[in-house]
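K.L.:
Take this structure, written in structure tokens, and hold onto it; I'll ask about it next.
Just so you know, all these numbers are worked out from the coordinates, no wet-lab data involved. What you see is a predicted model, and the numbers here were worked out from it, not measured in a lab. Counting neighbours? That spans all protein chains shown, and the Cβs are built from the backbone with ideal geometry, glycine included.
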Amino acid sequence: MTKSIDDGRKGMKLHTRILLGLLAGASLGILANTQLGGKHPLVEWLNYFIAGPLGQIFLRLLFMIVMPLVFASIAMGVAGLGDLRRVGRVGGKAVGYFLVTTFLAAATGLVFVNAIQPGSGLDPAVRSELMATYAADAESKVTASRTGNFGVETFVNMVTRNPVKSAADGDMLGIIFFGLMFGAALTLIPPARAKPMIDVLESLNCVVISIVGMAMKLAPYGVTALIFGVTSRFGFALLLPLGGYVLVVLGALLFHAGVNMSLVLRFAVGISPALFFARVRSALVTAFSTSSSSATLPTALAAAEQGLGVPPQIAGFVLPLGSTMCMNGTSIFEGITVIFLCQVFGIVLTLGQMIVVVVMAVITAVGAAGVPGGSIPLMVGILAMFGVPGEGIAIILGVDRILDMSRTTVNVYGDLSAVAYVAKSEKLWKASMVPSEARQV
Ligand code: ASP
């Protein structure tokens with residue numbers, strides 16, 4: 001069992017302080033933006049010298065431990081499960097759950113965007129203005145989409161040639177694969193030989209979790225800084241013409257998390273959604289403020305093990321997979337955005353094409369990296385399939401950060417539900433094993 005990530009202070013819980021940080025950052029940022037404007041020298045100074053560095057240090061502390069954490073937790077998870085057939089079964093269940101929930105999410109998005117049609121009324125003048133404003137950004141995404149495609153090579157590249165290089169490049173799938181092989185090999189060699197390595201991995205895991213604890217002490221301030229950075233510079237004026245689209249994405253995300261996932265949690269996982277939510281909220285707030293499933297992985301692992309009481313061999317194995325492969329929120333966002341942009345460009349899709357959008361949204365959500373804006377280059381690839389110019393992505397780039405924060409939160413919520421589902425179906429955990437509130441972070 002890992003050490004608690006709480007800092008041991010008496011009084012306010014860590015997640016409450018993080019939440020207060022989020023509210024403080026948002027209010028100060030909105031105040032600065034509306035009173036002074038996003039480009040005011042004071043706002044720029046605050047972002048450059050205070051909020052920017054603080055937010056970056058917090059993010060970097062989290063990213064710093066992601067690779068060792070993924071390697072150690074996957075290798076130990078596999079070794080802890082013991083028998084390779086069991087590893088296959090657990091992995092199969094996890095991937096099955098990822099796909100079913102991601103598909104459900106994309107289908108929900110499709111219903112929302114078709115019912116409300118937010119793209120039909122967008123003024124062509126606004127469309128041209130947005131495309132002109134974000135042209136340079138859009139071009140870099142279009143270029144990235146040419147190199148970052150999801151296909152056969154994605155699977156071949158998973159078999160990393162050099163795990164050290166994969167770790168250095170932030171190639172999560174390569175490290176997951178190496179961790180799987182390493183853990184599998186540990187189950188195949190004589191136990192007396194495996195034991196010292198397992199001890200090392202266990203100790204590495206404890207060290208990493210302890211670093212998470214240190215990083216999380218900074219979280220309330222880091223979160224304030226990150227949210228201030230977004231809200232103080234955000235073009236709120238943009239929200240007006242794109243308001244319908246933003247509301248459809250947020251509405252579908254909320255519906256998926258509040259209705260679809262609640263049904264899944266209640267009936268497939270057997271836990272009250274309110275209890276589940278309360279136990280994982282520190283991970284959700286981290287996801288919201290970092291816009292990155294990978295950066296949230298350390299906090300999510302702590303939430304799964306300490307908050308929900310899921311055994312480490314399941315959490316350590318399923319969560320790293322989930323943080324790169326299970327992206328419910330991203331598939332909602334991608335499906336809605338593709339159809340929204342088709343509406344904006346006057347492209348009418350048939351039912352068959354809509355189904356292709358859903359399938360592509362699921363595939364690219366699985367392939368997207370868990371970093372801010374990780375899904376955008378992949379989505380540019382889908383746009384091209386339906387005749388929307390890749391540069392059309394410019395239309396939504398200005399509001400993407402807010403949507404990214406929200407969809408990442410739903411992604412992480414889905415990952416954590418996957419862990420609970422797999423642990424329950426392996427009969428290693430049930431809702432009655434959730435520790436009492438007093439032990440929560
Ligand atoms: N930021 C998302 C995540 O990390 C990925 C994306 O949709 O861009 O989960």
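K.L.:
Quote the FRET efficiency, to the nearest 0.05, computed for V126 versus L351 with a Förster distance R0 of 22 Å and r equal to the Cβ-Cβ distance.
P.N.:
FRET efficiency, V126 to L351: 0.15.
K.L.:
Would you kindly derive the ³J(HN,Hα) couplings of segment 111-120 from the backbone phi angles with the Karplus curve 6.51 cos²θ - 1.76 cosθ + 1.60 (θ = phi - 60°), listing them in order in whole Hz, with x for Gly and Pro?
P.N.:
Ordered by residue, 3J(HN,Hα) equals 4, 4, 5, 6, 5, 9, 6, x, x, 5 Hz.
K.L.:
Sort all Cα-Cα distances of segment 32-74 into consecutive 5 angstrom bins from zero, then give the percent of pairs in each bin up to the one containing the longest distance.
P.N.:
The calculated distribution, bin by bin, is 5, 21, 16, 14, 11, 10, 8, 7, 6, 2.
K.L.:
Something else about it: Along the charge dipole of segment 1-137, Cβ charges K/R +1 and D/E -1, which of A32, A75, S128 sits furthest on the positive end?
P.N.:
Farthest towards the positive pole: A75.
K.L.:
How many lysine pairs are close in the chain, with Cα atoms under 26 Å apart and the two 8 or more places apart or on different chains?
P.N.:
For the chain, the number of qualifying lysine pairs is 15.
K.L.:
Considering all projection directions equally, how large on average is the shadow of the alpha-carbon convex hull of the chain, in square nanometres?
P.N.:
Taking the Cα atoms of the chain, their convex hull projects to 20.9 nm² on average.
K.L.:
Further question: Taking the Cα atoms only, what angle lies between the long axis of helix 328-344 and the longest principal axis of the chain, rounded to 10 degrees?
P.N.:
Approximately 20 degrees, to the nearest ten.
K.L.:
Can you tell me the orientation of helix 236-255 relative to the chain, as the angle in degrees between its alpha-carbon axis and the longest Cα principal axis, to the nearest 10?
P.N.:
The helix 236-255 is inclined about 40 degrees to the chain.
K.L.:
Would you mind getting me the FRET efficiency between I57 and N157? Use the beta-carbon distance for r and R0 = 45 Å, nearest 0.05.
P.N.:
With a Förster radius of 45 Å, E is 0.90.
K.L.:
Report, in debye and to the nearest 20, how large the dipole of segment 397-441 comes out about its Cα centre when Lys and Arg carry +1 and Asp and Glu carry -1 on their Cβ.
P.N.:
200
K.L.:
May I pose another question? Beta carbons within 10 angstrom, averaged per residue: use that to sort the peptides 27-33, 199-205, highest first.
P.N.:
27-33, 199-205
K.L.:
Continuing with this model, one more query. Rounded to the nearest 20 debye, what is the charge dipole size of the chain about its Cα centre when +1 sits on each Lys and Arg Cβ and -1 on each Asp and Glu Cβ?
P.N.:
Computed charge dipole of the chain: roughly 1200 debye.
K.L.:
I would also like to ask the following. Give me the compactness ratio for segment 215-296, meaning the Cα radius of gyration over 2.2 N^0.38 Å.
P.N.:
1.34
K.L.:
Can you sort S145, S375, S432 from fewest to most other Cβ atoms within 10 Å of each residue's own Cβ?
P.N.:
Taking fewest neighbouring Cβ atoms as first place, the list is S432, S145, S375.
K.L.:
Can you tell me the mean projection area, over all orientations, of the convex hull of segment 46-141's alpha carbons? Units nm², please.
P.N.:
11.3
K.L.:
Sticking with this structure for a sec: Order these by the 10 Å Cβ neighbour count, fewest first: C342, C326, C206.
P.N.:
C206, C342, C326
K.L.:
Between I189 and Q35, what's the calculated FRET efficiency when r is the beta-carbon distance and R0 is 41 Å? Round to 0.05.
P.N.:
0.05
K.L.:
Additional query: Considering all projection directions equally, how large on average is the shadow of the alpha-carbon convex hull of segment 313-440, in square nanometres?
P.N.:
9.5
K.L.:
Can you compute 3J(HN,Hα) from phi for each residue in segment 264-270, using the Karplus curve 6.51 cos²θ - 1.76 cosθ + 1.60 with θ = phi - 60°, rounded to whole Hz and x for Gly and Pro?
P.N.:
4, 4, 5, 8, 8, 9, x
K.L.:
Once phi is turned into ³J(HN,Hα) by the Karplus curve 6.51 cos²θ - 1.76 cosθ + 1.60 with θ = phi - 60°, what whole-Hz value does each residue of segment 81-92 show in order, with x for glycine and proline?
P.N.:
So the J values, rounded to whole Hz, are 6, x, 9, 5, 5, 5, 4, x, 5, 4, x, x.
K.L.:
Ok, one more. Against the longest principal axis of the chain, how steep is helix 394-425, in degrees 0 to 90 to the nearest 10, with axes from Cα atoms?
P.N.:
Taking Cα atoms only, the helix is inclined about 30 degrees.
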